[in-house]
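What follows is calculated from the coordinates using simple rules that are stated; it is not laboratory data. Please read these numbers as outputs of a predicted model, since none were measured by experiment. Here the Cβ is made from the backbone with ideal geometry for all residues, glycine too, and neighbour counts use every protein chain on show.
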Amino acid sequence: MSTAPRTLSVLVLNQPGVLTRIAALFSRRGYNIESLAVGPTEHADLSRITLVANVDDTSLEQLTKQLNKLVEVLKIVELEDKSVRRELLLVKVRATPETRSQVLEIVQLFRCKTVDVANDSITIEATGGSDKVDALLRMLESYGIKELVQSGVVALSRGSRSLSDRTSRGERSRPIRIV
């Protein structure tokens with residue numbers, strides 16, 4: 001069975017050690033988490049973990065069952081490709097007096113922000129889907145990338161459904177697939 005990148009949105013109690021237990025579960029089974037983002041939700045006592053891992057259907061089912069056994073995990077949803085996904089990229093690019101205007105044109109073309117300018121570099125902030133971020137990096141490579149940092153994917157399902165709908169503290173829900 002072939003593996004594919006799967007995006008999971010996991011609603012958890014905001015408690016110490018939860019992320020460690022989830023990461024360990026993937027690690028013990030030999031799966032690498034390709035992308036990871038964790039942050040607060042609209043409820044102060046809950047956090048959302050968005051992770052991307054390359055797994056097949058059978059492995060995804062097993063991982064979901066194991067995750068559901070963790071007391072702090074309230075809900076797990078596999079997000080479809082059409083969900084809203086974004087990444088944040090900060091990239092420091094070489095920019096000589098001769099190339100500065102070309103780099104700034106690329107910044108405008110990709111609707112990025114210039115967040116710092118030095119004598120020999122420009123630091124750019126970009127947000128968007130993986131395709132946009134990857135295309136931007138390809139365009140900037142020839143100028144020389146001095147440094148970069150990229151966040152994990154954050155994602156929400158489209159439409160009015162919410163991961164935390166009908167999920168209160170202590171209430172567990174079965175895994176669902178958001179279309």
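Can you work out ³J(HN,Hα) from phi for every residue in the stretch 133-142, in order, using Karplus 6.51 cos²θ - 1.76 cosθ + 1.60 and θ = phi - 60°, giving whole Hz and x for Gly and Pro?
So the J values, rounded to whole Hz, are 4, 5, 5, 4, 4, 4, 5, 8, 3, 5.
Just to be sure I understand the curve: with the Debye formula and one point per C-alpha of the stretch 84-154, what is log10 I(q)/I(0) at q = 0.11, 0.18, 0.23 Å⁻¹?
Each listed q maps to, in turn, -0.23, -0.60, -0.96.
I want to verify a result. In a Gaussian network model of the chain, Cα cutoff 10 Å, which of these has the top mean-square fluctuation: 51, 109, 13?
109
For residue 127, what is the net charge nearby, where nearby means another residue's Cβ is under 12 Å from its Cβ and Lys, Arg count +1, Asp, Glu -1?
Numbers: positive: 85, 86, 111, 113, 132; negative: 87, 125.
Residues near residue 127 contribute +3 overall.
Compute the length gained on full extension between residue 96 and residue 135: take 0.36 nm times their separation in residues and subtract their Cα-Cα distance, giving the result in nm to one decimal. Write out the running numbers ahead of the final one.
Working: separation 39, 0.36 × 39 = 14.04 nm, distance 2.18 nm.
Full extension of this stretch gives 11.9 nm more.
Show me, bin by bin at 10 Å from 0, the whole-percent P(r) of the stretch 21-179 based on Cα pairs.
That works out to 9, 32, 27, 19, 12, 2, 0, in percent per bin.
Given 0.36 nm per residue, what is the gain on full extension from residue 66 to residue 80 after removing their alpha carbon distance, in nm?
On the way: separation 14, 0.36 × 14 = 5.04 nm, distance 2.10 nm.
So the extension gain works out to 2.9 nm.
Net charge around residue 48, counting only other residues with Cβ within less than 11 Å of its Cβ (Lys, Arg = +1; Asp, Glu = -1)? Please report the intermediate quantities before stating the final value.
Values: positive: 75; negative: 42.
Cβ neighbours under 11 Å give a net charge of 0.
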